[in-house]
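The values are calculated or read from the model by the stated rules, or taken from the named source; none is laboratory data. Owing to the predicted nature of the structure, the values given are computational and were not obtained by experimental measurement. Quick reminder, even Gly has a Cβ in these numbers, built from the backbone with ideal geometry, and neighbours come from all protein chains shown.
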Amino acid sequence: MSIPAFSASDLALARATLKERFGFEVDVQEVETEVRLHEGDRELAQCPAIYWQVEKCAFVVAKTGPAGFRAMFFYSVKDRFATAKEEYDNLGDCLITLLKVQEIEHERRRQEAGIR
């Protein structure tokens, strides 16, 4: 199965959403990632993805089908987070949920560090 790349409108949506969230232009890169598409799959599938980094946090949204998206963010290899929903059928919903979850985690980390 060949998964279509992110469209120009997908990329524009991602850039606009990130600019609204962070208040500045974010460098969004198109990359490839390997994803197990179904729980029982033994093989990993090559999937188009977008990647960006803000401060010490990196984000990845993989496209798993014509209208399938999975997202995660991480501070290190051992410190990875995903949304509660495994897969989205709408890129906008995927991005907004990912950014909300990261914002909550970021605030939790600030509080633990005693930063206001």
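For the range 12-27, indicate whether the set of residues that are closer than 19 Å to ARG80 by Cα and free of Cβ contacts under 8 Å to residues at least 12 places away in the same chain is non-empty. No, the range 12-27 contains no residue that is closer than 19 Å to ARG80 by Cα and free of Cβ contacts under 8 Å to residues at least 12 places away in the same chain. With a requirement of 2 or more residues that are aliphatic (A, V, I, L, M), the strands (runs of 3 or more DSSP E) lying completely within the chain that satisfy it span 29-35, 45-54, 57-65, 68-76. The residues of the range 99-116 that are within 16 Å of LYS56 (Cα to Cα) and modelled with pLDDT of 85 or more, listed by number, are LEU99, VAL101, GLN102, GLU103, ILE104, GLU105, HIS106, GLU107, ARG108. Does ALA62 meet the test of being of a type in the set (A, V, I, L, M, F, W, C) and under 14 Å from ASP10 (Cα atoms)? Yes. Considering the range 34-54, and only residues there that are more than 15 Å from the chain's Cα centre (by Cα) and over 20 Å from ALA67 (Cβ atoms), the residue that is surrounded by the most Cβ atoms within 10 Å (Cβ to Cβ) turns out to be LEU44. Summed over the range 69-97, the residues that are aliphatic (A, V, I, L, M) and in contact (Cβ under 8 Å) with a residue 24 or more places away in the chain give a count of 5. Residues that are within 22 Å of ILE3 (Cα to Cα) and among the hydroxyl-bearing types (Ser, Thr, Tyr) were ranked within the range 44-82; the one that is modelled with the highest pLDDT is TYR51.
Of everything in the range 60-116 that is β-branched (Val, Ile, Thr) and surrounded by fewer than 12 Cβ atoms within 10 Å (Cβ to Cβ), the residue that is nearest to PRO48 (Cα to Cα) is VAL77.
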